[in-house]
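A.B. asks: The structure follows.
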């Protein structure tokens with residue numbers, strides 16, 4: 001799948017950060033939508049079913065891990081990359097347990113981010129094929 | 001000085017009050033003195049009481065033991081004397097009653113009676129019949145005393161009054177010490193006559209000799225005027241005046257102590273005769289009989305002195321041990337407190353660091369994205385005069401962000417209470433692996449890195465990644481400390497229940513002042529290059545893994561860090 005066809009959703013309450021990141025991704029030909037809190041993120045996921053969601057753990061309102069939990073319940077094929085501002089691996093491990101694809105620490109390296117998104121999409125595709133086969137049987 | 005009375009009155013108060021207020025080591029000295037004094041007093045008082053009691057008990061027992069035989073002996077001898085005198089006077093009395101005056105006046109008959117008397121009873125010297133006028137009308141004996149008149153003599157008066165008489169020892173007409181036994185008899189017609197026998201005092205000497213006294217002891221008869229009735233070796237010859245005063249009169253045998261005229265301490269045992277004017281006196285010097293007592297007293301004193309010495313030695317030793325234990329436990333408590341303080345300091349600093357790092361990471365992420373965007377935009381722009389310069393500035397911003405990121409991540413790493421994951425691992429292997437990370441730099445700087453890992457080193461239960469971090473820290477520090485061409489030695493060996501890892505360098509070493517602070521967070525000697533978190537993280541990890549870390553360093557010589565890790569798995573680690 002071409003990077004242009006990726007559907008990416010960026011979720012963080014740090015608007016400056018998330019919009020700038022979205023702009024940089026678009027400059028690389030990756031379309032990205034943004035949401036600034038958990039609720040609007042859940043709405044956007046329900047409406048558009050993105051391939052990958054970049055999700056900040058620490059947000060006001062619905063917390064990142066809760067968003068992750070709900071997404072995995074409603075849209076299990078959506079891959080989530082968690083973002084943490086602090087170095088605690090505990091949130092990361094907890095996130096992985098809840099079904100996140102991977103987690104990254106701020107500040108980000110954009111190339112690493114893109115690599116991870118790509119592998120997440122690959123993984124999602126395989127998972128979808130596997131799910132399709134299972135459904136077909 | 002501690003007052004004895006005070007200690008006895010308030011033994012425990014003394015231990016508590018002023019001791020607590022004092023500062024150590026004065027406090028320990030005070031405490032030591034008090035405990036020692038208390039123990040010594042508490043043990044010495046009963047010991048002393050026992051010794052004194054024992055001393056007097058023993059002394060009185062000994063005195064009784066010595067005096068009793070003396071008393072018994074005197075009593076026995078007195079009885080012998082009395083028996084001797086009673087027998088003789090009874091014999092005379094019997095003869096006086098059995099025969100009539102004419103029979104006794106018959107020379108032949110009297111001679112026959114006397115010979116029978118002498119045969120049956122030893123000690124009779126002569127026998128005489130005296131008429132009421134005091135004239136000896138008949139006499140049998142070795143002297144020519146027939147016809148002698150005794151009317152004027154005292155014994156004649158006495159026998160006339162009492163009817164029976166035993167005289168003191170006296171010389172009389174014969175110039176030889178003798179005793180008279182005289183009995184008065186009255187016929188039916190009212191005539192009186194006296195039968196008189198003389199006794200040889202040699203018999204007295206014989207009775208005294210039968211007492212079997214020691215050579216320095218003495219026994220003799222004395223009359224109520226203090227005139228010696230038998231000879232004594234120390235207190236006068238027969239019929240001389242006794243050289244010391246008569247003891248008070250008693251018919252029961254008594255013992256008293258006194259100093260005799262020869263200056264000796266003596267026991268005087270004596271008894272007065274109820275029927276004769278005699279007293280039997282036995283004198284025994286105390287010196288000889290008390291010899292046993294002196295030995296016992298010496299033994300007693302020796303044992304007491306030994307006891308006192310033992311009490312002092314024991315009290316000293318016990319006090320020493322006690323104080324040592326107290327000191328030790330206090331030191332241990334202080335150490336534990338210091339450790340708790342240190343880890344509390346670490347954890348509060350850790351929380352602060354985590355907060356700061358987190359707060360900084362968000363704006364840092366924005367700076368990173370903004371500068372990244374600038375770089376992205378610049379890459380799509382045509383060349384313009386300031387482009388290269390602006391590119392350089394953006395790169396510089398990104399590098400600075402990267403540096404900040406490193407710092408915040410390290411701070412977070414310090415704060416992190418990572419879940420320890422315990423596995424069975426080979427410490428030697430981890431050391432080799434970690435040293436490998438630094439081999440490039442070491443080679444470049446010609447630093448000789450030697451690994452001396454005991455091939456028999458047992459595997460231990462610990463956390464691999466945390467140990468890696470520890471060794472990396474230590475190697476980094478060692479590498480920073482040594483000059484180019486220096487040497488780093490890492491050793492790992494079995495140390496009983498632990499495994500010991502030693503990292504030694506011949507670098508610049510540390511001052512004592514630096515040594516005190518090296519495990520504190522944010523303390524660094526790498527001006528500007530270090531965060532000061534390395535060794536405090538190491539310290540935290542080692543403690544979490546149940547181990548310990550020690551450092552020795554000498555400026556200009558080098559530094560040795562020793563880590564001990566427990567071999568076994570510890571529940572507390574998880």
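A.B. asks: Name the one entry in B:119, B:146 that is in a loop (DSSP other than H, G, I, E, B) and either assigned by TED's automatic domain parsing to the domain that holds residue B:94 or within 60 Å of the chain's Cα centre (by Cα) (or both). Explain how you work it out, then say what you get.
C.D. replies: Values: B:119 fails: in a loop (DSSP other than H, G, I, E, B).
Residue meeting the stated conditions: B:146.
A.B. asks: Still on this structure, I have one more. Which is under 28 Å from residue B:353 (Cβ atoms) and without any contact (Cβ under 8 Å) to a residue 40 or more places away in the chain, of B:467, B:479, B:438, B:472?
C.D. replies: On the way: B:467 fails: without any contact (Cβ under 8 Å) to a residue 40 or more places away in the chain; B:479 fails: without any contact (Cβ under 8 Å) to a residue 40 or more places away in the chain; B:438 fails: without any contact (Cβ under 8 Å) to a residue 40 or more places away in the chain.
B:472 is the lone residue from the list that is under 28 Å from residue B:353 (Cβ atoms) and without any contact (Cβ under 8 Å) to a residue 40 or more places away in the chain.
A.B. asks: Out of B:335, B:326, report the one residue that is within 46 Å of the chain's Cα centre (by Cα), surrounded by fewer than 15 Cβ atoms within 10 Å (Cβ to Cβ) and more than 30 Å from residue A:12 (Cα to Cα).
C.D. replies: On the way: B:326 fails: surrounded by fewer than 15 Cβ atoms within 10 Å (Cβ to Cβ).
Sole residue among the options that is within 46 Å of the chain's Cα centre (by Cα), surrounded by fewer than 15 Cβ atoms within 10 Å (Cβ to Cβ) and more than 30 Å from residue A:12 (Cα to Cα): B:335.
A.B. asks: On the basis of being modelled with pLDDT under 90, farther than 25 Å from residue B:175 by Cβ and exposed (fewer than 14 other Cβ atoms within 10 Å of the Cβ), does residue B:142 make the cut? Lay out the reasoning, then the answer.
C.D. replies: Values: modelled with pLDDT under 90: yes; farther than 25 Å from residue B:175 by Cβ: no; exposed (fewer than 14 other Cβ atoms within 10 Å of the Cβ): yes.
The answer is no for residue B:142.
A.B. asks: If the requirement is being at negative phi, assigned to a loop (DSSP other than H, G, I, E, B), surrounded by fewer than 18 Cβ atoms within 10 Å (Cβ to Cβ) and within 14 Å of chain B (Cβ to nearest Cβ), which of these qualifies: A:58, A:77? First the steps, then the outcome.
C.D. replies: Working: A:77 fails: within 14 Å of chain B (Cβ to nearest Cβ).
Unique residue meeting the criteria: A:58.
A.B. asks: Further question: Those residues that are in contact (Cβ under 8 Å) with a residue 40 or more places away in the chain and at the interface with chain A (Cβ under 9 Å from one of its Cβ atoms), I need them from segment B:370-408; list them, please. Give the steps one after another, and end with the answer.
C.D. replies: Residues of segment B:370-408 that are in contact (Cβ under 8 Å) with a residue 40 or more places away in the chain, as a first pass: B:404-405, B:407-408.
The answer is B:404, B:405, B:408.
A.B. asks: How many residues are in contact with a strand residue (DSSP E or B) (Cβ under 9 Å, 6 or more places away or on another chain) and loosely packed, with under 14 Cβ neighbours inside 10 Å when one looks only at segment A:32-51? Steps first, please.
C.D. replies: Let us first name the residues in segment A:32-51 that are in contact with a strand residue (DSSP E or B) (Cβ under 9 Å, 6 or more places away or on another chain), namely A:32-38, A:40-45, A:48, A:50-51.
Subset that is loosely packed, with under 14 Cβ neighbours inside 10 Å: A:43, A:48.
Count: 2.
A.B. asks: Of all the residues that make up segment A:1-26, how many are assigned to a helix (DSSP H, G or I), touching a residue at least 12 places away in the same chain (Cβ under 8 Å) and away from chain B (no Cβ under 14 Å)?
C.D. replies: Total meeting the criteria: 2.
A.B. asks: Could we say that residue B:152 is surrounded by fewer than 14 Cβ atoms within 10 Å (Cβ to Cβ), in the same structural domain as residue B:239 (by TED's automatic domain parsing), over 60 Å from the mean Cα position of the chain (by Cα) and closer than 21 Å to residue B:206 by Cβ here?
C.D. replies: On the way: surrounded by fewer than 14 Cβ atoms within 10 Å (Cβ to Cβ): yes; in the same structural domain as residue B:239 (by TED's automatic domain parsing): yes; over 60 Å from the mean Cα position of the chain (by Cα): yes; closer than 21 Å to residue B:206 by Cβ: no.
Answer is no for this residue.
A.B. asks: Which numbered condition in (1) surrounded by 13 or more Cβ atoms within 10 Å (Cβ to Cβ); (2) within 11 Å of another protein chain (Cβ to nearest Cβ); (3) at pLDDT 85 or above is the only one that residue B:411 fails?
C.D. replies: The failed condition is (3).
A.B. asks: Mind listing whichever residues of segment B:50-80 are closer than 30 Å to residue B:164 by Cβ and touching a helix residue (DSSP H, G or I) at 6+ places or on another chain (Cβ under 6 Å)?
C.D. replies: B:80
A.B. asks: Which members of segment A:27-53 meet the condition of being part of a helix (DSSP H, G or I) and more than 10 Å from chain B (Cβ to nearest Cβ)? Outline the logic, then answer.
C.D. replies: Our first condition is that a residue be part of a helix (DSSP H, G or I); within segment A:27-53, this holds for A:27, A:38-48.
Of everything in segment A:27-53, those that are part of a helix (DSSP H, G or I) and more than 10 Å from chain B (Cβ to nearest Cβ) turn out to be A:38, A:39, A:40, A:41, A:42, A:43, A:44, A:45, A:46, A:47, A:48.
A.B. asks: Given the options B:137, B:159, name the one that is touching a strand residue (DSSP E or B) at 6+ places or on another chain (Cβ under 6 Å) and not in a helix (DSSP H, G or I).
C.D. replies: Working: B:159 fails: not in a helix (DSSP H, G or I).
Answer to the selection: B:137.
A.B. asks: While we're on this one: Which residue, of B:127, B:94, B:47, B:145, is in contact with a helix residue (DSSP H, G or I) (Cβ under 6 Å, 6 or more places away or on another chain) and farther than 30 Å from residue B:311 by Cα?
C.D. replies: On the way: B:94 fails: in contact with a helix residue (DSSP H, G or I) (Cβ under 6 Å, 6 or more places away or on another chain); B:47 fails: farther than 30 Å from residue B:311 by Cα; B:145 fails: in contact with a helix residue (DSSP H, G or I) (Cβ under 6 Å, 6 or more places away or on another chain).
That would be B:127, the only listed residue that is in contact with a helix residue (DSSP H, G or I) (Cβ under 6 Å, 6 or more places away or on another chain) and farther than 30 Å from residue B:311 by Cα.
A.B. asks: Right, something else. Before we move on, is residue A:111 within 14 Å of chain B (Cβ to nearest Cβ) and either loosely packed, with under 15 Cβ neighbours inside 10 Å or under 15 Å from the mean Cα position of the chain (by Cα) (or both)? Give the steps one after another, and end with the answer.
C.D. replies: Values: within 14 Å of chain B (Cβ to nearest Cβ): yes; either loosely packed, with under 15 Cβ neighbours inside 10 Å or under 15 Å from the mean Cα position of the chain (by Cα) (or both): yes.
Against the criterion (within 14 Å of chain B (Cβ to nearest Cβ) and either loosely packed, with under 15 Cβ neighbours inside 10 Å or under 15 Å from the mean Cα position of the chain (by Cα) (or both)), residue A:111 qualifies.
A.B. asks: Which of the residues belonging to segment B:172-186 are in a loop (DSSP other than H, G, I, E, B) and touching a strand residue (DSSP E or B) at 6+ places or on another chain (Cβ under 8 Å)? Outline the logic, then answer.
C.D. replies: Going residue by residue through segment B:172-186, those that are in a loop (DSSP other than H, G, I, E, B) are B:175-177.
Across segment B:172-186, the qualifying residue is only B:177.
A.B. asks: Any residue in segment B:204-216 that is over 24 Å from residue B:277 (Cβ atoms), in the same structural domain as residue B:126 (by TED's automatic domain parsing) and surrounded by 13 or more Cβ atoms within 10 Å (Cβ to Cβ)? Break it down stepwise before answering.
C.D. replies: Of segment B:204-216, the ones over 24 Å from residue B:277 (Cβ atoms) are B:212, B:214-216.
Filter once more, so that each one left must be in the same structural domain as residue B:126 (by TED's automatic domain parsing): B:212, B:214-216.
Next, from what is left, pick out any that are surrounded by 13 or more Cβ atoms within 10 Å (Cβ to Cβ): B:216.
So far as segment B:204-216 goes, yes, one or more of its residues are over 24 Å from residue B:277 (Cβ atoms), in the same structural domain as residue B:126 (by TED's automatic domain parsing) and surrounded by 13 or more Cβ atoms within 10 Å (Cβ to Cβ).
The values are calculated or read from the model by the stated rules, or taken from the named source; none is laboratory data. What you see is a predicted model; the values in this text were computed from it and never measured. Every residue, glycine among them, receives a Cβ derived from its backbone with ideal geometry; neighbour counts consider all protein chains shown.
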